[in-house]
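For reference, the structure is listed below as C-alpha cells.
The values are calculated or read from the model by the stated rules, or taken from the named source; none is laboratory data. Here the structure is a predicted model, which is why all the values come from computation and not from measurement. Note that each Cβ is placed from the backbone with ideal geometry, even for glycine, and that neighbours are counted across all protein chains shown.
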Amino acid sequence: MLTNPNTVGLFDKNILEITRIVHEAGGLCYYDGANLNAVMGIVRPGDMGFDVIHLNLHKTFSTPHGGGGPGSGPVGCKECLRPFLPDFMAKTPESIGRVKMFYGNFGVVVKALAYIMTLGREGIPEASSNAVLNANYMMNKLSDLYKMAYNETCMHEFVMTLEDLKHDINVSAMDIAKALLDYGIHPPTMYFPLIVHEALMVEPTETESKETLDEAIEVFRSIYEAAKADPESLHQAPVRTPVRRLDEVTAARKPVLRYTGEQE
Ligand SMILES: *Cc1c(COP(=O)(O)O)cnc(C)c1O
C-alpha cells in the first residue's frame, strides 16, 4: 500500500519498477488515494501499476473534513479482482460476500460527484496543477529562512524541519504553529510525518489565491524573524486568541464545543 506522491510530497519516479517487483513476487499493489490531489486527471494510478485504489473524498473532492464524519472512501480495482468484489457486484464463489453499507455514505459520494462534474475534464487536472504550483511557490518563498526536509520540486505539499531552530534557540514546530494563530492563520499539520523531526507540513491547496499565499508567506517570515530576535516571546504564543495554550490532552478528551463567552 503506497501513496504517490508520498507523504513528504514527492512523486516517486521509480513507481513502475516498484509495482513490477511487487507483481513479480506475487503481490498486489494498493494505492492509498491520500495524495491524489496532486495528480488527479493527470496520472492514473492503474497506469502506475496499482491494482486497487481508494479515494479519500474529504482530501481531494471537497467533501466535509473532520468533525467525526461522515466520510467516504470509494474503492476501485482492476479486472483481475472483479470476482472478489462484494456479492451485490460479483455473483461468484470468490466474492467477499456481504459488506455492511454497500454504497457507503451515499450523500458524501454525491457531493464528490457534484464537485467533479462542476470542475469537469479540464478543471480537475487544473486544480491539481494549481495545488502543485501553490505548494512550490510557498516553498520557494520560504526556503531561504526555513529549512526544507527535502530540497526538491514538491508536489501539492512540502515539509519543513525546525530541528535546527529547536536546537539553536529552543523554538519548536509547536511554537511556530501557535504563533501562526496570533496572525489568524490555521497552523499546518505538525509533527508529521514522523520521519522528519520538528516537522511542519504545508499543503496550501489549489483554492488559495496568490494574495493569500503571499500573506501567509509574510507571516511565516515575520514569525521567523521574531523567533530569532526574541525566542522567549514565541513560547508565549498565542497571545491574541480567546484561549491561550490549551492542555492538549484535556482539549482532545473533554472538548468544549460551545462558545460560552466565558474564559477559563
Ligand atoms: C490522510 C492520510 C491518512 C488518513 O486518511 P483518512 O481518510 O483521513 O482517514 C492515512 N494515510 C495517509 C498517508 C494520509 O495522508
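Take the conditions in contact with a Pro (Cβ under 9 Å, 6 or more places away or on another chain), more than 16 Å from the ligand (Cβ to nearest atom) and closer than 18 Å to M155 by Cα and apply them to I124. Does it pass? Judged against the criteria, I124 is not a match. Among the numbered criteria (1) assigned to a loop (DSSP other than H, G, I, E, B); (2) at pLDDT 95 or above, which one does E262 miss? Failing condition for E262: (2). Taking the conditions (1) part of a loop (DSSP other than H, G, I, E, B); (2) farther than 19 Å from L55 by Cβ; (3) touching a Leu at 6+ places or on another chain (Cβ under 7 Å) in turn, M138 satisfies each one other than (1).
The residues in region 71-87 that are assigned to a loop (DSSP other than H, G, I, E, B), out of contact with any Ser or Thr (no Cβ under 9 Å at 6 or more places or on another chain) and farther than 14 Å from L55 by Cα can be counted, and the count is 1. Name the one entry in G41, G9, G26 that is assigned to a loop (DSSP other than H, G, I, E, B), away from the ligand (no atom under 12 Å from the Cβ) and touching a residue at least 40 places away in the same chain (Cβ under 8 Å). Step by step, each of G41, G9, G26 is checked, and only G41 is assigned to a loop (DSSP other than H, G, I, E, B), away from the ligand (no atom under 12 Å from the Cβ) and touching a residue at least 40 places away in the same chain (Cβ under 8 Å). Apart from one condition, V196 fits all of (1) farther than 19 Å from D168 by Cβ; (2) under 21 Å from the mean Cα position of the chain (by Cα); the exception is (1). L36 meets the conditions (1) assigned to a loop (DSSP other than H, G, I, E, B); (2) buried (at least 19 other Cβ atoms within 10 Å of the Cβ) in every case but one. The failed one is (1). For region 222-259, what are the residues that are of a type in the set (A, V, I, L, M) and assigned to a loop (DSSP other than H, G, I, E, B)? Answer for region 222-259, where residues must be of a type in the set (A, V, I, L, M) and assigned to a loop (DSSP other than H, G, I, E, B): A237, V239, V243, L246, V256, L257. Taken over region 48-83, the criterion of being among the charged types (D, E, K, R), out of contact with any Lys or Arg (no Cβ under 6 Å at 6 or more places or on another chain) and more than 14 Å from the ligand (Cβ to nearest atom) is satisfied by K78, E79, R82.
Of all residues in region 164-221, those satisfying the criterion of being polar (S, T, N, Q) and not in a helix (DSSP H, G or I) are N170, S172, T189, T205, T207, S209.
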